[in-house]
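Derivation of every value follows stated rules applied to the coordinates shown; laboratory data play no part. Model, not experiment: these values are computed from the prediction. Counting neighbours? That spans all protein chains shown, and the Cβs are built from the backbone with ideal geometry, glycine included.
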Amino acid sequence: MIDRRRPVLTYIVLTAFLLLVITPFVWMLLGSVKTQGELLRVPPTWLPENPTWDNFRRLFDRPFGRYFQNSAVVAIAVTVGNLFFSSMFGYALAHLRFPFQRVLFLLVLGCLMIPGLVTFIPQYVLVVNLGLANTIPALILPFLVQPFSVFLMRQFFLGLPRELLEAGRIDGVGEIAIFFRIYLPLAGPAFATLGILTFLGSWNNFLWPLVVSSSESTYTLPVALALISTGQNQTDYGLLLAGATLVVLPILVVFLFFQRYFIQGIAASGIK
Amino acid sequence: MSAAPLAASGTGPSPGTGAGSGRRRRGRRAAAEARAGILLSLPFVVLFTVFIAWPVLQSMFMSFTDMRISDIRSPFSVDFVGLDNYATAFGDPVFRRAAINTGVFVLIGVPLTIVAGLAAALGLNQGVNRLRGLFRMGFYTPVVTSIVAVAVIWRFLLRPDNGLVNTVLGWVGIDGPNWLGDERTALLSLIVMAVWRNFGTSMVIFLAGLQAVDRGLHEAAALDGATSWQRFLHVTLPAIRPTMLFVMVTTSIGYLQFFEEPFVMTQGGPLNATISASMYTYNQFGFGNYGVAGAMAYLTFIVIGIVTLAQFRLMREK
């Protein structure tokens, strides 16, 4: 693979490629601070002539603060829940022997590829009958337990030595305490990867919140943005681009800080 | 997907070697271990049963009944209608159109995503040391962003009169079409956007897979006068076959369910040119036809299963 003769050409091609990939985001940021008049001009302007926060102000005339909060609460709860439930189950699958262990693991593994399309109607019926329709818990509950999380945590705990367990037993530590006091503190790297992937998935999730949320009190950012973009404001590009910026920017910032974990996580899910 | 054995590992106590008291102790310990295992599994298993396993079964059940929105409070007092919902789905010209659109989306989108991802990975592996992290991060950025936000941005880019794409095309004298408003270009536009958003994932996985390529073999082939294209074909490609399979399967599964793109950008139009199986299933749910929607969802699910199996076989045979 190593071809040292033409690195300059490689750099040029990669840079061109990079510009192509990044341009939509730059265009979004520039557009979000342009006036509506400027956005409609032919040909379009590059840099905003009179940069203005007006689009963001109009965005927050709507309860976008609330949507932002909903998105954040749901994403944090889903992330914490996944780390908690799947690390317990993943550890038990990796190091303990208990009845139906193999059956349970195969069952969960079998659901790894079930599309949300298949489950959303029964889940909706269930949530309605539990009296949870259009509530924040309804946005959280179905995502607390994800097969992928268990798979990842099990693989991680399999990589930790079993001697820790034996040593704990000899020292008289209880079985459950062995998990919480010995193995869990070592799970930092796996938690980082799983936490980031789960947070991202929840923040960007669309179909389920669209189905369950029916009022401003429970809309998440993507749902609110999609409803504006398909409603009577669908050509108000200033408002839409400001909204898109609000959805994209927090994730981009998180990504910039933690990109190593993101990319490791994706690679780990593929190559194991 | 995993090279690790599926069965729980761990050696466990070897039976029948200790004295009587030792065996009793071991028995107590095994019981304590089983108890701990059950306690640690219980929260997940209960939630999983209620919110995933049960809905999967109920969804199948529902697809054979005449369930509608009015039955939502009594989901079991519905009548069985056999395969009627499946017949309805196949007989519905809009659903057939949606199925064709979804097929086109997959057949064009998956190869493009693989080629773009592999090209980016190979480029980054080509002695690019400085700025490697920057390029990788930049290419991966679209993956982490919300499809809804991205769809909004692309609708803006693709506007016919003053969108960025047509403006740039205008510089070289091309009069760009109304991308999303024209039946002939709408679906293609969504595909290009999907490739742009997803190639970063395949790039990262290919980058990991390229670690498996034998550098010595490359050098030997180069000494024997193999061109870089020949080396790519006969050294690199065979080595990354498992990676290729993984990317192909996961991308296909994702693309078979594409939903947000038409929902936000075209609402399935113009004239159903971009409606997808997922989106039409969602529409049927919106109309209250739960049984029909369930049948459509299961059809998509079955297709996902078949495509996945087919790809496994195809890649294994060679």
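Tabulated results
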quantity	calculated
Contact order normalised by residue count of the stretch A:72-177, Cα under 8 Å, 6+ apart, percent	49 percent
Built amide H within the under 5 Å cut-off of B:T65, gap 5+	B:V81
Selected from A:L40, A:F56, A:V73, residue furthest toward positive end of dipole (the stretch A:36-92; charges at beta carbon)	A:V73
Magnitude of the charge dipole, chain B, Cβ model with Lys/Arg +1 and Asp/Glu -1, debye to 20	1720 debye
Helical segments meeting 18 Å axial Cα length and Kyte-Doolittle 1.0 threshold in chain A (DSSP H)	A:7-32, A:116-129, A:237-270
Of B:W179, B:S189, B:T145, farthest towards positive along the dipole that unit charges on Lys, Arg, Asp, Glu beta carbons give the stretch B:145-269	B:T145
Anisotropy class of chain B from Cα gyration tensor, a/c 1.5 cut	oblate
Kyte-Doolittle mean at least -1.0 and Cα axial length at least 30 Å: DSSP H helices in chain B	B:20-48, B:93-124, B:183-209, B:290-317
Within-13-Å neighbourhood charge of B:A34 [Cβ basis; K, R +1; D, E -1]	+3
Computed FRET value (nearest 0.05) for A:E163 with B:L245, which takes r as the C-beta separation and R₀ as 56 Å	0.95
Point-to-point label distance, A:L130-A:L47, nm (Cα→Cβ direction, 7 Å offset)	5.3 nm
Trypsin sites (Lys or Arg not before Pro) within the stretch B:23-110: DSSP coil, no more than 11 neighbouring Cβ in 10 Å	B:R73
In sequence order, calculated HN-Hα J values of the stretch B:262-268 (Karplus, 6.51, -1.76, 1.60; Hz; x Gly/Pro)	x, 4, 8, 8, 9, 6, x
Virtual spin-label span in nm between A:F100 and B:I302, 7 Å along Cα→Cβ	3.0 nm
Mean separation of Cα contacts under 8 Å, 6 or more apart, over the residue count of chain B: relative contact order %	26 percent
Chain A - percent relative contact order, Cα under 8 Å, separation 6 or more	30 percent
Sparsely packed chymotrypsin sites (Phe, Trp or Tyr not before Pro) within the stretch B:74-173, loop by DSSP, other Cβ within 10 Å at most 12	B:F76
Point-charge dipole on Cβ atoms (K/R +1, D/E -1) for the stretch B:65-211, about Cα centre, debye to 20	720 debye
Estimated FRET transfer efficiency when R0 is 25 angstrom, pair B:A32-A:L107 (beta carbons, to 0.05)	0.50
Separation of the A:L252 and A:T235 label points, Cα + 7 Å toward Cβ, nm	2.7 nm
Gaussian network model of chain B, Cα within-10 Å springs - most flexible of B:L131, B:L157, B:L40	B:L40
Dipole axis of chain A (+1 Lys, Arg; -1 Asp, Glu on Cβ), positive-most option in A:V150, A:N233, A:L164	A:L164
Three-way shape call for the protein assembly as shown based on the alpha-carbon gyration tensor, with the a/c threshold at 1.5	oblate
For chain A, built as a Gaussian network whose Cα springs stay under 10 Å, the top-fluctuating residue of A:A16, A:A94, A:A187	A:A16
Among A:L141, A:L14, A:L130, residue whose mean-square fluctuation peaks in a GNM of chain A (springs only between Cα atoms under 10 Å)	A:L14
Charge dipole magnitude, Cβ of K and R +1, D and E -1 - the protein assembly as shown, Cα centre, debye nearest 20	2020 debye
Cα gyration tensor shape of chain A, rounded if a/c is under 1.5, else prolate or oblate by comparing a/b with b/c	oblate
FRET efficiency for B:D161 and A:R62, using Cβ-Cβ distance with R0 set to 25 Å, rounded to 0.05	0.35
Cα centroid separation - the stretch A:229-264 against the stretch A:43-58, whole Å	17 Å
DSSP-loop chymotrypsin sites (Phe, Trp or Tyr not before Pro) across the stretch B:252-318, with at most 14 other Cβ within 10 angstrom	B:F287
Under 12 Å, Cβ to Cβ, from A:F64 - net charge with Lys/Arg +1 and Asp/Glu -1	+2
